[in-house]
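One structure is given here, and the rest of the page talks about it.
The values are calculated or read from the model by the stated rules, or taken from the named source; none is laboratory data. It should be emphasised that the depicted structure is a prediction, and the values quoted were computed from it without experimental measurement. So basically every Cβ, Gly included, is an ideal-geometry build from the backbone, and we count neighbours across all protein chains shown.
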Amino acid sequence: MSIFPPHDIGSMNEDDVAGELIRPLCRALGYSQGSPEANLRSQISLQYDKAFLGHKDGKKDPILRGRPDFVCEVVSYARWVVEAKKPSIALSQDDSYQGHTYATHPEIAAEFYLLTNGREFRLYRVGNPDNPALTWQKEETDDLMPALKNFLGPEAMKKRAQIKIDLGKPLAHGLGSSTEIVGGHIIYSRNTTSIPVPMAGKLDGLTNAVTGRSVSRNNEGLIVALVEVKSAFAGMDELHKAMGLYPLTFSTSDEYLSIDIEKPTLLQNIMNMHLPAGTRFADSMLSPGGGVIPFPVTAECYTEAVGFIEGFVFKGTYAIDYQYKFHVPAHLHFPFREFTMRTEGVFEINFK
């Protein structure tokens, strides 16, 4: 069902637009009259009835033409203004300037203002009255409601108002002093082993998902990335978590993450693993069917990731060198007691 009640827009005037279209829209976005958290105010009377221009002598300020039709207010956080016009007249630049005058009045101090004649809707940021940030037709409103609520709804307005000024040393140009990892992937491009492992080549092209964690600076000021990875083999995730290997921890001595593909940042990770006898390992391409390790195994794993930032994506190449040692009792025959493997590939990490 539409958020708008049945109406004949051709016969509507300015008050009809305000009551039949704007009020239902504001309510659908989460605002209601008298709400202590998301209040909808109409026909606001301003104590200072002039367009505020900052003059020391208020007599120089021009008289306001009317007053705002609606103010949607997230109490104590932020607000935005709605100005209605009659459907028979096209929206003009002068109408935008009028809405801007209301929105920037010191008694309102809105972040956005919405201008509509019932047929067309124009949303403006107060800093740019010449160009709407978003324009849509009435018939598109219902389909746009999820996006509009994510932008103009009370929770969205509150979230923006709560953003703190980050005075910490940035990670890179365009990033703050810390950032969340919200996704990405790691692709195995090439795998080589020191002994014949027929299944190793089948790992080429395998993709593991990056699922989260963060990048920040430690107490010494070095950039450290905590990376959560979901293996293509679910059983391996359980084993790695049990061994305390997740999240993967990468660090760099570079002062900033690079934004230059010609001068990428080097991040390193070193892990030491110990698998006692009896450890169960999962089914994977390297270990079809899974099984139990009959003797202790230790491993050293060294990773180098080289990359740069493009937008909010850190991308590049990586190489992992594994060295496994099998602590087989001397009296037992075993074809090898050490085994090395190298994995090379590409990655992309998405920042929030």
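This table checks each residue for (1) aliphatic (A, V, I, L, M); (2) under 30 Å from Pro247 (Cα atoms).
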| site | (1), (2) |
| --- | --- |
| Pro129 | no, no |
| Ala133 | yes, no |
| Glu139 | no, no |
| Ala147 | yes, no |
| Lys159 | no, yes |
| Lys164 | no, yes |
| Leu167 | yes, yes |
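Of Arg67, Arg41, Arg79, all but one fail to be at negative phi, outside any helix (DSSP H, G or I) and either among the β-branched types (Val, Ile, Thr) or modelled with pLDDT under 90 (or both); the exception is Arg67.
Residues checked against (1) in contact with a Lys or Arg (Cβ under 6 Å, 6 or more places away or on another chain); (2) within 21 Å of Ala305 (Cα to Cα); (3) crowded, with 16+ Cβ neighbours inside 10 Å; (4) modelled with pLDDT under 90:
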| position | (1), (2), (3), (4) |
| --- | --- |
| Asn191 | no, yes, yes, yes |
| Val197 | no, no, yes, yes |
| Ala209 | yes, yes, no, no |
| Ser231 | no, yes, yes, yes |
| Gly235 | no, no, no, yes |
| Tyr256 | no, yes, no, no |
| Ile261 | no, yes, no, no |
| His274 | no, no, no, yes |
| Asp283 | no, no, no, yes |
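I'd like to know if the stretch 126-141 contains one or more residues that are under 23 Å from Pro264 (Cβ atoms), surrounded by 14 or more Cβ atoms within 10 Å (Cβ to Cβ) and either among the polar types (S, T, N, Q) or touching a residue at least 60 places away in the same chain (Cβ under 8 Å) (or both). Taking every residue of the stretch 126-141 in turn, none turns out to be under 23 Å from Pro264 (Cβ atoms), surrounded by 14 or more Cβ atoms within 10 Å (Cβ to Cβ) and either among the polar types (S, T, N, Q) or touching a residue at least 60 places away in the same chain (Cβ under 8 Å) (or both).
For (1) in the same structural domain as Val227 (by TED's automatic domain parsing); (2) more than 16 Å from the chain's Cα centre (by Cα); (3) not in a helix (DSSP H, G or I), each residue gets a yes or a no:
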site	(1), (2), (3)
Asp143	no, yes, no
Gly168	no, yes, yes
Ala172	no, yes, yes
Gly183	yes, no, yes
Tyr188	yes, yes, yes
Thr192	yes, yes, yes
Pro196	yes, yes, yes
Asn208	yes, yes, yes
Ser214	yes, no, yes
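For the stretch 82-95, the candidate set comprises residues that are in a loop (DSSP other than H, G, I, E, B) and either small (Gly, Ala, Ser) or over 21 Å from Ser11 (Cα atoms) (or both); within that set, the residue that is nearest to the chain's Cα centre (by Cα) is Ser92. Taken over the stretch 310-352, the residue count meeting the criterion of being part of a strand (DSSP E or B) and under 18 Å from Gly212 (Cβ atoms) is 8.
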